Amino acid sequence: MFNNIKNKLMSFKEIFKDNNDVNEKNVIGFLSFAVMVVFATTDIVTGIMGKELIISDSIFNSFVLITLGSFGISGLEKFAKK
């Protein structure tokens, strides 16, 4: 069991190395998008319950910019080869 956890931590460290198969921009973009989906779901649920979910527009807009920026840069790298 401990070897499995150790292997997962080792593979997590591999993400941040220069030579890997994982595109870090896609990971960050996906995580940011996931946070926006959780926010939207929570907003819908609290709206159905009759309560208002108050969140700053600047926080939501920051996640939007991170998502668009990450996927935009990743897409641009895909089509504009070195």
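Taken together, the values in this text are just the output of simple stated rules run on the coordinates, not laboratory data. Computed from a predicted model, the values in this text were never measured in an experiment. When we count neighbours, we look across all protein chains shown, and the Cβ atoms used for this are built from the backbone with ideal geometry, even at glycine.
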Around ASN26 (Cβ within 13 Å, Cβ-to-Cβ, excluding ASN26; K/R +1, D/E -1) the net charge comes to -1
Less than 15 Å Cβ to Cβ from THR67, Lys/Arg counted +1 and Asp/Glu -1: what total charge do the surrounding residues give? 0
In Hz, Karplus ³J(HN,Hα) per residue of the range 56-69 (6.51, -1.76, 1.60; θ = phi - 60°; x = Gly, Pro): 5, 4, 5, 5, 5, 5, 5, 5, 4, 5, 5, 5, 5, x
Euclidean distance of C-alpha centroids, the range 18-37 and the range 39-69, integer Å: 20 Å
